[in-house]
Amino acid sequence: MSAGPERDPVDYFDSAYRDYEGQNPPKKLDHYVDMLEARTRVPDLQLLDIGCGRGRFLQHVSAREPSWRLFGIEPEPSGVTASSALVPEATILEGVADSLPFPSEGFDVVTAWDVLEHVPDPRAALLEVKRCLRPGGALGVVVPVYDSITGPLIRALDRDPTHIHKESRDFWLRLIGEHFGAIEWHGIYRYLLGTSRYLHRPTRRLRRATPAVFISAIRD
């Protein structure tokens with residue numbers, strides 16, 4: 001999942017993911033949907049997934065919540081093509097996070113899974129998200145974080161040159177808090193173990209020592 005500046009012709013997903021499918025297992029995607037459903041009670045809601053990648057999250061949502069109306073935006077042409085084929089019922093457009101081609105207050109939920117660290121100006125992207133969300137709408141974000149005891153290891157393992165922002169969890173909490181309210185967050189331990197198992201462990205108790213965080217917030 002990505003939403004950053006233009007990249008070279010090498011397919012981003014082939015170069016940045018050891019196993020795109022394996023790194024997006026149902027357990028992980030169920031966790032994302034569960035967290036969103038806890039923040040919004042709108043029936044038949046409209047959801048926008050920024051940096052929708054090859055469409056695995058939108059496909060999962062479509063199967064689990066068939067009444068939701070789904071939209072995605074993705075800067076990689078190969079991702080747009082793959083997502084459109086995988087989730088034909090969704091509207092998938094090519095574009096970037098800080099210039100969303102959608103009307104104001106058009107969505108009940110906006111998601112950005114592993115996206116903001118790629119975006120040149122994450123503040124501008126969050127302002128665009130706020131514009132597109134209806135009052136009371138929910139934002140869901142996952143970002144890698146490079147502070148705490150796991151910081152040095154995450155920096156050593158991170159080989160993605162499109163990760164522009166290697167920030168702390170407090171940086172992202174402050175930035176999102178500038179524009180949204182009712183913030184809730186927890187940590188995530190995650191790693192692809194070999195070729196057969198993806199570790200995805202959400203935790204509140206150890207949220208200050210995880211390599212990634214899940215943040216949800218509400219538009220005032």
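The values are calculated or read from the model by the stated rules, or taken from the named source; none is laboratory data. The structure displayed is predicted, hence computed values, not measured ones. Virtual Cβ from ideal backbone geometry, glycine too; neighbours counted across all protein chains shown.
Quick notes on this one:
- Note on the range 33-57: residues that are free of Cβ contacts under 8 Å to residues at least 40 places away in the same chain and either assigned to a loop (DSSP other than H, G, I, E, B) or under 21 Å from residue 100 (Cα atoms) (or both) total 5.
- Any hit, the range 179-187, residues being modelled with pLDDT of 95 or more, in contact with a strand residue (DSSP E or B) (Cβ under 9 Å, 6 or more places away or on another chain), buried (at least 22 other Cβ atoms within 10 Å of the Cβ) and among the aliphatic types (A, V, I, L, M): no
- So residue 164, is it more than 19 Å from residue 200 (Cα to Cα), assigned to a helix (DSSP H, G or I) and among the aliphatic types (A, V, I, L, M): no
- Evaluation of residue 134 against the conditions (1) in a strand (DSSP E or B); (2) under 30 Å from residue 190 (Cα atoms) shows that the sole unmet condition is (2).
- Cβ-Cβ under 6 Å pairs, at least 6 apart or on other chains, the range 137-153 side loosely packed, with under 15 Cβ neighbours inside 10 Å and assigned to a loop (DSSP other than H, G, I, E, B), far side among the hydrophobic types (A, V, I, L, M, F, W, C) and at pLDDT 95 or above: 149/209
- Close Cβ contacts (under 7 Å, 6 or more residues apart or on different chains) running from residues in the range 105-131 that are within 13 Å of residue 47 (Cα to Cα) and part of a strand (DSSP E or B) to residues that are at pLDDT below 95 and not aliphatic (A, V, I, L, M) comprise 108/40; 109/40.
- Residues of the range 167-200 satisfying the condition of being without any contact (Cβ under 8 Å) to a residue 40 or more places away in the chain, part of a loop (DSSP other than H, G, I, E, B) and within 24 Å of residue 30 (Cβ to Cβ): 194
- Leading residue by the ranking (surrounded by the most Cβ atoms within 10 Å (Cβ to Cβ)) among those in the range 107-126 that are of a type in the set (D, E, K, R) and over 26 Å from residue 69 (Cβ atoms): 117
- Counting only residues that are closer than 26 Å to residue 180 by Cβ and surrounded by 19 or more Cβ atoms within 10 Å (Cβ to Cβ), the range 84-106 holds 6 of them.
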